[in-house]
1. Compute the accessible area per residue over the stretch 1-51, keeping the other protein chains in place, probe 1.4 Å, unit Å².
2. Ordered by residue, what ³J(HN,Hα) values in Hz, to whole numbers, does the stretch 12-20 give under the Karplus form 6.51 cos²θ - 1.76 cosθ + 1.60, where θ = phi - 60° and Gly and Pro are x?
3. Grab the beta carbon distance between L191 and R31, set R0 = 25 Å, and tell me the FRET efficiency rounded to 0.05.
4. When a/c reaches 1.5 or more, the comparison of a/b and b/c decides; with that in mind, is the stretch 89-198 rounded, prolate or oblate per its Cα gyration tensor?
5. Grab every C-alpha pair in the chain, bin the distances at 5 angstrom width from 0 up to the longest one, and report whole percents.
6. Counting only protein heavy atoms and a 1.4 Å probe, tell me what percentage of the stretch 94-198's accessible area is made up of carbon and sulfur.
7. Rolling a 1.4 angstrom probe over the protein chains, ignoring ligands and nucleic acids, what is the accessible area of S103 in square angstrom, nearest 10?
Amino acid sequence: MRRTSRQEKRAQTREALLDAAERLWAKHGIRGASLDEIAASAGMTKGAVYSNFAGKTDLILALLERYTQVEFGRRTSSTLRDQGRPRADRCADAGRHYASRLSAEETRMKALLLMELWLFGMRDFSAGWRIADWYQSHREGLAAGLRAGGDDLSAADRASLAMAIEFGLALQHLLDPDRVPAELYGPGMDLVLGPAMP
């Protein structure tokens, strides 16, 4: 068996701490779970936290960096851009995929964590800019695939509205699934992006 290198062990430790922070902060909030509790949940000591992160803010920003590597809604976005099918069919399929994604318990926990990160960013200037940059990269990616819609909305404006639907509908649905069906995503995207989708 190959021995694990020091660098690999460090990466594994960081991932274990990030996993623990993700779980605990989603469940209890950023202020509700201490570094001691995160370390214990990962099966480590607080020293392991400080040997990998400068402190709580650094751990939060590292977790945010992990989120920037994940393309939320990538499959949904590719469904919307499939030009080989009618727009109405693409939007309906995107709505079904979105609803399926929101039905997983893991999605609820990620939404809770994302809200925690968002609130932290509203209170902490440096973290706020990193979170804002994450949103901007997603808006730019979406806007790049749009064309002029024949009205006063730019592609960037449409992308902002589409992201408001992506995240806002998820929060409403996770709180009140019976009265806010996730399938509204399809018609919502059709309204916002439809005139600009190829």
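The values are calculated or read from the model by the stated rules, or taken from the named source; none is laboratory data. Owing to the predicted nature of the structure, the values given are computational and were not obtained by experimental measurement. Cβ: placed from backbone, ideal geometry, glycine included. Neighbour counts: every protein chain shown. The area values use the complete protein model at the heavy-atom level, side chains included, leaving out ligands, DNA and RNA. Shrake-Rupley method; radii C 1.70, N 1.55, O 1.52, S 1.80 Å.
1. On the way: 3470 Å² over 51 residues.
Value returned for the stretch 1-51: 68 Å² of accessible area per residue.
2. After applying 6.51 cos²θ - 1.76 cosθ + 1.60, I find 5, 4, 4, 5, 5, 5, 5, 4, 5 Hz.
3. Numbers: r = 38 Å, r/R0 = 1.51.
The value I calculate is 0.10.
4. Working: a/c = 2.36, a/b = 1.13, b/c = 2.09.
In terms of gyration-tensor shape, oblate.
5. P(r) for the chain, in whole percents per bin: 1, 7, 14, 16, 16, 14, 11, 9, 6, 4, 2, 0, 0.
6. Working: 3460 of 5740 Å².
Here carbon and sulfur together make up 60 percent of the probe-accessible area.
7. The accessible area of S103 comes to roughly 90 Å².
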